[in-house]
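Take a look at the structure below.
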Amino acid sequence: MNTDYIYFCSPINAIVEGIYEEKIPFTHIKTQGDFGLGTFDHLDGEMVMLDGNIYQMTADGKVKQVDEKSLTPYSCVTFYRPLTEEFLEESLNYQAFLAWLKDLLPSLNIFYAIRIEGYFENVKVRSVPKTENYKPLVEVAQTQPEFEFSHIRGTLAGFYTPSYMSSISVPGLHLHFISEDVQHGGHLMSCCPKGIKVGIQFIHSLKMDIPLSLDYLTCDFKRDTAKDLDKAEN
Ligand SMILES: [Zn+2]
């Protein structure tokens, strides 16, 4: 029996509705996984977790390793145990790379944790700027600084989420990049890999906590946020 599960400390809907502070410590997140992505309280940068290490990639282009006392309103993690490993030697543009990657997923109706390591001819990322509560994510997304890197080694980490889970997680592929030298990173917008190793973990179980903050408990979640999320994340 496969006991792997994906863990969410809150549904993504809360972020889409502008609840950017939940004060959930990474000491808790790390009891649920050693690999994943998310953000920090007040949307203060993109988060990537690799081998239990937590990295913060802020809108000024800086990357730093942070300790477990840091706080998050939204993180998604798992204990990473890839089932399959694939290698891609040739150079692919982003569309071809996405098609190649999707072919590795036997069904689009379960979760996958995906870790990609290697060399990239080009990587384009962005990072969220620090934001106070209640500014809709779709507006924040319009002011996110973008960064582009050429000939860079690094890791992409994240998940594939089935489309019917869009109130809980970003549907489709959601990957964060961090360079091998831990100097650059962010939310992946596009990349051209050339010589990568791809590990894939199949996940068909999920665990989610529901925040008990006043903001969360009194938020009206009736609005369909799928369009906002699509605009903000893609
Ligand atoms: Zn992201």
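The values are calculated or read from the model by the stated rules, or taken from the named source; none is laboratory data. Here the structure is a predicted model, which means the values were calculated and not measured. All Cβ positions, even for glycine, are placed from backbone atoms using ideal geometry, and neighbour counts span all protein chains on display. Side chains included, ligands, DNA and RNA excluded: accessible areas come from the protein's heavy atoms. Shrake-Rupley method; radii C 1.70, N 1.55, O 1.52, S 1.80 Å.
Take H187 and tell me if it is within 22 Å of P25 (Cα to Cα), in contact with a Leu (Cβ under 7 Å, 6 or more places away or on another chain) and surrounded by 14 or more Cβ atoms within 10 Å (Cβ to Cβ).
The answer is no for H187.
Given the condition in contact with a His (Cβ under 6 Å, 6 or more places away or on another chain), open to solvent by 40 Å² or more (accessible area, probe 1.4 Å) and within 16 Å of the ligand (Cβ to nearest atom), answer yes or no: does some residue in segment 117-134 qualify?
So far as segment 117-134 goes, yes, one or more of its residues are in contact with a His (Cβ under 6 Å, 6 or more places away or on another chain), open to solvent by 40 Å² or more (accessible area, probe 1.4 Å) and within 16 Å of the ligand (Cβ to nearest atom).
Could you say whether any residue in segment 44-54 is more than 16 Å from the ligand (Cβ to nearest atom), more than 24 Å from L206 (Cβ to Cβ) and not basic (K, R)?
As a first pass, look at segment 44-54 and keep what is more than 16 Å from the ligand (Cβ to nearest atom): 51-53.
Subset that is more than 24 Å from L206 (Cβ to Cβ): none.
Scanning segment 44-54, I find no residue that is more than 16 Å from the ligand (Cβ to nearest atom), more than 24 Å from L206 (Cβ to Cβ) and not basic (K, R), so the answer is no.
Hey, could you check segment 164-191 for residues that are in a strand (DSSP E or B) and polar (S, T, N, Q) and say which is farthest from the ligand (Cβ to nearest atom)?
Taking segment 164-191 first, the residues in a strand (DSSP E or B) are 172-179, 185-191.
Now drop any that are not polar (S, T, N, Q), which leaves 179, 190.
Details: S179: 16, S190: 13 Å.
Only one residue tops the list, namely S179.
Considering L37, L83, which residue is more than 13 Å from the ligand (Cβ to nearest atom) and among the hydrophobic types (A, V, I, L, M, F, W, C)?
L83
Among the residues in segment 142-161, are any buried (at least 17 other Cβ atoms within 10 Å of the Cβ), modelled with pLDDT under 90 and either within 13 Å of the ligand (Cβ to nearest atom) or among the basic types (K, R) (or both)?
Checking segment 142-161: at least one residue is buried (at least 17 other Cβ atoms within 10 Å of the Cβ), modelled with pLDDT under 90 and either within 13 Å of the ligand (Cβ to nearest atom) or among the basic types (K, R) (or both).
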